[in-house]
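Engineer: Supplied in structure tokens, the structure appears directly below.
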Amino acid sequence: PGKPFHLGLLLRMAPGWHTYWRNPGDAGAAPDLHLVLPAGTVAGPLAWPAPRVVHEGPLTTYAYTGTLLLALTVTPHATAPPGTTGLPIVAHADWLVCKDICVPEHGTFRLTLPLGPPAPSAQAPLFAAAASAVPRPSPWAAVVASDGRLWLHGPGFDPAAVRSARFLPDRSGTISDDAPQPLGRTAHGIELRLVPGADFARAVPLAGVIEIADRSGMTTALAIAARPGPVPAAVPVPTAAPAGLGSGWLGSGLLRLLALGFLGGLILNLMPCVFPVLAMKAIALTEAAERGRMRALALSYTLGVLAAFAALGGALLAARAAGQSAGWGFQFASPAAVGGMALVLFAVGLNLSGVFELGAGVGGLGHGLASRGGHAGSFFTGLLAVVVATPCTAPFMAAAIGGALAAPAADALAVFLALGAGLAAPVLLLAVLPGLGRWLPRPGRWMVLLRQALAFPMYAATVWLAWVVSAEAGPAGVLALGAALVAAGFAAWVLGLAQAARRGRATGYGLAAAGGIAALAALGWLAATPAAVAGGDPASDAALSGVGIGGAGVPGAAAFSPARLAALRTAGQPVFVDMTATWCLTCQVNQRLALAPARVRAAFAAHHVAYLVGDWTRQDPTITGFLRAHGRDGVPLYVFYPPDAQHGQVLPQILTPGLVLHTLNASPTAG
């Protein structure tokens, strides 16, 4: 009694169907929820998530697709009448769903909540996701002129950071919904030129939601109530996408996503988990300089990268079509897939060490096969580069991949190919400008030493992947992987002996094949090993310490769960959420360099910040939902919730101690 709780109407719409916002626009009808409650119990208004703009022929509407939760707050009477065992609630709901036709529907629902201490229900993650999608109050002032010009301005507003903006009115008829809204910038804000509608009132505040997309592709929805007044002159800027690129599915054109994808792929070359890839690139370049085939090998490498990105994009789109939840790096959730990558990198290291040769003359096939093997090896290097790079999410990749997964299949594949083009760009540049090869050192014995030295990054990457397997499948998984590595090492050794021998090579190749089969059998054993992470309780601190990721040395570190987050925020305590995974080296680097230093730990303790760690190693669906609610398809993700704040603050994917300290110090301290 007396403790408020959240209640909601949940709609799950079939593909192609939609329902409407509180202002449906030119057509439609908003859902309606009427509660019958006991005396003294009060229900608040519905909390409406930000809708999307839908163009239906000549009409413009504001609608929802997929899953929609319309939540409200119910506050029971402070005291329960004698003999009361629960709180009876009756809900009458009406909603309209449309596709090619519109179908009005109605439902009456009954629920009795028993007396007892309040606790989050199994549906708490749905409410958390819905709350994150509700527009937050604007920190800046809004003014609307008599001619319909809307001005958003205030301290801290950076007009140059705004890529596009759109205003959605609370009431139908106040503006022309299908008219363009040209964007202009003023000294301290932005201006939208709205076309007043028949119900536009010059002396009445104009309420609604303004959606602002920044240069990185992130969109923020702000609730405003623009007061009437004069608006300063603005400088117009182009907001429309070029013809033929479309803008309906992300609020901007495909060209922007392609640019974000290319830039994200380019930056991916600098991420810490791609160091083994850089070693393989160095080998390809030195081979090219030695044989004078730089352009051809660079193109082969680029084709390998593009083929791998196309395959990854196709797999993600297939998972999307099947209704699965997949994101960047999804293959690292399988211990068998991680073990397979460890075997490949281990074999690459043995090859670099000279244990065996790839593309060497076998059975007198001669130099022609060796030459052809060079192109195949370069192509394979490109494939492997993408596989090894997927644990990292570079800046700009989140917006690109998130937009791609919401786009039509052809556009989505184009974005993934743009990611591949960015990753391959440094090597591809040598194919376009072969004169850059003059800057490479002359061939010599140093190349043999370099080749052998570059084997050690491969071995280091193998050890890292073994650590990932230990987190995902426990000691039994490490034992299975160890057996596979021993068998693969035996196969490589025997293959090298057979290549060096002048006779008896058939027997050697047979033994090498047997070793390879044994390695694959051990990999199958790894696939059948029970998962260590999946077997634990993801909401327990024991599971967190067993995984051994995140929160190292941070006072009060605990495993993330929506219920725990909701409870801490209800208590008014600041919360820092760290979404990470064992296979994400960027996450581990951020943890060591930005979150574990003593001064950062002291700041967490001084501000009484609760530190929650979400382990996405096995692609936990709850954490996937949290990532999607924040527009992300991969880790890392860092969200800081100041005390009593309605929404969290998303931090950059690359952290520094100074950035973390500034974020904490800018927040009021919880008691």
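Throughout, read-outs are computed from the coordinates displayed, never taken from laboratory work. Remember, predicted model here, so these are calculated numbers, not experimental data. Here the Cβ is made from the backbone with ideal geometry for all residues, glycine too, and neighbour counts use every protein chain on show.
Engineer: Name the residues whose placed amide hydrogens come within less than 5 Å of the amide hydrogen of Leu113, ignoring near sequence neighbours (fewer than 5 apart) on the same chain.
Structural biologist: Leu87, Ile89
Engineer: Between Asp32 and Thr85, what is the label-point separation in nm under the 7 Å Cα-to-beta-carbon projection?
Structural biologist: So the label points at Thr85 and Asp32 sit 3.5 nm apart.
Engineer: Using mean Cβ contacts within 10 Å as the protection proxy, how do 569-581, 75-87 order, highest first?
Structural biologist: Per-residue mean Cβ counts within 10 Å order the peptides as 569-581, 75-87.
Engineer: Spelling out what I want: for every residue of the range 452-457, take phi, set θ = phi - 60°, compute 6.51 cos²θ - 1.76 cosθ + 1.60 (Karplus), and round to whole Hz; glycine and proline get x.
Structural biologist: Running phi through 6.51 cos²θ - 1.76 cosθ + 1.60 with θ = phi - 60° gives 5, 5, 6, 5, 6, x Hz.
Engineer: For Ser164, which sequence-distant residues (separation of 5 or more, or a different chain) have an amide H within less than 5 Å of its own amide H, given hydrogens modelled in the peptide plane?
Structural biologist: Amide H neighbours of Ser164: Ala213.
Engineer: What's the ranking of 593-599, 414-420, 303-309, 26-32 by average number of surrounding C-beta atoms within 10 Å, highest first?
Structural biologist: 414-420, 303-309, 26-32, 593-599
Engineer: Taking amide H positions as placed 1.01 Å from N in the peptide plane, with prolines and chain starts having none, which residues 5 or more places from Gln649, or on another chain, fall under 5 Å of its amide H?
Structural biologist: Close amide H contacts, sequence-distant or interchain: Phe640, Tyr641.
Engineer: In whole Hz, what ³J(HN,Hα) sequence does the range 206-212 give by Karplus (6.51, -1.76, 1.60; θ = phi - 60°), x for Gly and Pro?
Structural biologist: Values, residue by residue: 9, 9, x, 10, 10, 9, 10 Hz.
Engineer: What full-extension length gain, to one decimal in nm, is calculated for Leu429 and Ala521 as 0.36 nm per residue of separation minus the Cα-Cα distance?
Structural biologist: 29.0 nm
Engineer: Suppose the Debye formula is applied to equal point scatterers at every Cα of the range 156-213; what is log10 I(q)/I(0) at q = 0.17, 0.19, 0.28 Å⁻¹?
Structural biologist: -0.59, -0.72, -1.20
Engineer: Suppose each label sits 7 Å from its Cα in the direction of the beta carbon; what would the Phe5-Thr570 distance come out to in nanometres?
Structural biologist: 0.9 nm
Engineer: Same structure, new question: Output ³J(HN,Hα) for the range 2-11: one whole-Hz value per residue in order, computed from phi by the Karplus curve 6.51 cos²θ - 1.76 cosθ + 1.60 with θ = phi - 60°, and x for Gly and Pro.
Structural biologist: Using θ = phi - 60°, the values come out as x, 9, x, 9, 9, 10, x, 9, 9, 10 Hz.
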